[in-house]
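Q: Provided herewith is a single structure, encoded as structure tokens, for subsequent inquiry.
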Amino acid sequence: MPSFSTIVSFAAVAFAAFASAAPVDAAAGVGLHIPGVASAAVGAAAGVDASVPVSVDAVVAAAADVPVLAVVLPRELRSIPDILADTISQVTPLVAKLGAITAVKDANIDVVGPITEAIVEVLHGAVGEVNALLDAPVEVVFGTVDGALDVKELAKTIGALLALVFTGLGAVLNVIGWTLHQPGNAVFNALCNVGIVVEDLLNVVFAIVVPLSGSVLDLVLPSIGYKIVPVILTLGLNGLAGILKVTF
């Protein structure tokens, strides 16, 4: 909240602009006297000695130094289906780049790293957006007028995102090898980072959706088959495997 001195400064400027229409005898050293505001208060607000008559220019100059208070508008919330659909749209061309790289068997970290980092950035953005829905009305969360959720469609959307991401990661594993636990392999670690953020995204999505419709969990993997499970297990993403109820 602006301090009292700041408020006085703004008031002084407003009165100064109004009073500037009246003639001022500058030659006679007659300063501007603002009705209703003591000269001492104006002087303090403007940073001017109160014993010196306050001029319009002095008040305006002082007010120019008053910081402008920024107004932060609330971000518009999107529904979970919209967030996931947009995430798929952004990740699709990135996964295509992974496919192009692996097609020529060139999967070094200088090439793969920037792509996986871009995927992580997109997924992080989705995590933030879904998190913002934790206290939102159910109509906003699901993007429907009555708050009803099409569980099968949501499961298909989640499955489509998982299939997209892990098919791309699997393509890279085809080049670097499917050996479990490769801590010294930078490319392997980059793939793991993508999987970890996918896990974060599913955690926040299910934290909202499961209390309202727990059946969505049981529909995700059957909606796409289990072809991504070997990728998840090879990358050691046990947390994600647990979320999806993958049995070892």
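Since every read-out is calculated from the coordinates, none of them should be taken as a lab result. Quick caveat: nothing in here was measured; it's all calculated off a predicted structure. Neighbour counts are summed over all protein chains in view; Cβ atoms, including those assigned to glycine, are modelled from backbone coordinates with ideal geometry.
Q: Would you mind computing, in nm to one decimal, how far apart the modelled labels at Ser89 and Val104 are, each placed 7 Å from Cα along Cα→Cβ?
A: 3.0
Q: Kindly give the semi-axes, whole Å and largest first, of the ellipsoid equivalent to segment 80-243, taking each as the square root of 5 times a Cα gyration tensor eigenvalue. Don't skip to the end; give the middle numbers.
A: Working: eigenvalues 173, 48, 36 Å².
In descending order, the three semi-axes are 29, 15, 13 Å.
Q: So how far apart, in nm, are the two label points at Asn203 and Thr179 if each is 7 Å from Cα heading toward Cβ?
A: 3.0
Q: Right, here's the next one. For a protection proxy built on the mean count of beta-carbon atoms within 10 angstrom, sort 99-110, 216-227 highest first, please. Write down the numbers at each step before the final one.
A: Values: 99-110: 13.2, 216-227: 15.8.
The packing order, highest mean first, is 216-227, 99-110.
Q: Local charge sum around Ser213 (other residues, Cβ-Cβ under 13 Å, Lys/Arg +1, Asp/Glu -1)? Walk me through the intermediate numbers first.
A: On the way: positive: Lys152; negative: Asp150, Glu153, Asp218.
Spelling it out: positives minus negatives among the neighbours equals -2.
Q: Explain nothing, just compute: Karplus ³J(HN,Hα) = 6.51 cos²θ - 1.76 cosθ + 1.60, θ = phi - 60°, for every residue of segment 118-124 in order, whole Hz, x for Gly and Pro.
A: For segment 118-124, the Karplus-derived couplings read 5, 5, 4, 4, 4, 5, 4 Hz, x marking Gly and Pro.
Q: While we're looking at this one, here's another question. In terms of Cα to Cα distance under 28 Å, which lysines are near enough to Lys105, apart from those fewer than 8 places away along the same chain?
A: Those lysines meeting the cut-off are Lys97, Lys227.
Q: Right, next: Would you kindly state how much longer the chain becomes between Lys245 and Leu233 on full extension, computed as 0.36 nm times their sequence separation minus their alpha carbon distance, in nm to one decimal?
A: Length gained between Lys245 and Leu233: 3.1 nm.
Q: Which value, in debye to the nearest 20, describes the size of the charge dipole of segment 80-243 about its Cα centre when Lys and Arg Cβ atoms bear +1, Asp and Glu Cβ atoms bear -1, and nothing else is charged?
A: On the way: 5 positive and 15 negative charges, 141 e Å.
That gives a dipole near 680 debye.
Q: Using θ = phi - 60° and the Karplus form 6.51 cos²θ - 1.76 cosθ + 1.60, what ³J(HN,Hα) does each residue of segment 212-218 get, whole Hz, x for Gly and Pro?
A: 8, 7, x, 5, 4, 4, 6
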